[in-house]
Amino acid sequence: MRYRKPYTLYKVPTKDGTPVFYYRTHDESGRRTSGISTGCTTVSEARRFCDRLQRAGKLMPVDQAELRQT
């Protein structure tokens, strides 16, 4: 199986044109989860945000993790 990063980042413009970065993870079965906002406007901030969540074990929100199991 090929290596997969724990999350992917993508940007979505707000109504005023400022980009906000979202992240997606993969569940246990390999499916992508829905996008979750980081609230960050730069890639480096968004990566730091996601890295902190990953270290804390909270990269995939509990409600999405529970939904995927049912």
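The values are calculated or read from the model by the stated rules, or taken from the named source; none is laboratory data. In this text, all values refer to a predicted model and were calculated from it rather than measured experimentally. Cβ coordinates were reconstructed from backbone atoms using ideal geometry, including for glycine residues, and neighbour counts include every protein chain displayed. The protein model used for the area step is the full one, side chains on, heavy atoms only, and it has no ligands, DNA or RNA in it. Shrake-Rupley method; radii C 1.70, N 1.55, O 1.52, S 1.80 Å.
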Point to revise | Accessible area in square angstrom per residue, the stretch 1-61, 1.4 angstrom probe | key: 73
Practice item. In debye, nearest 20, what is the charge dipole magnitude of the stretch 3-64 about its Cα centre with +1 on Lys and Arg Cβ and -1 on Asp and Glu Cβ, if you could check? Key: 180
Review point. Tell me, in nm to one decimal, what length is gained between THR42 and ARG24 on full extension, where the rule is 0.36 nm per residue of separation less the Cα-Cα distance?
Key: 4.9 nm
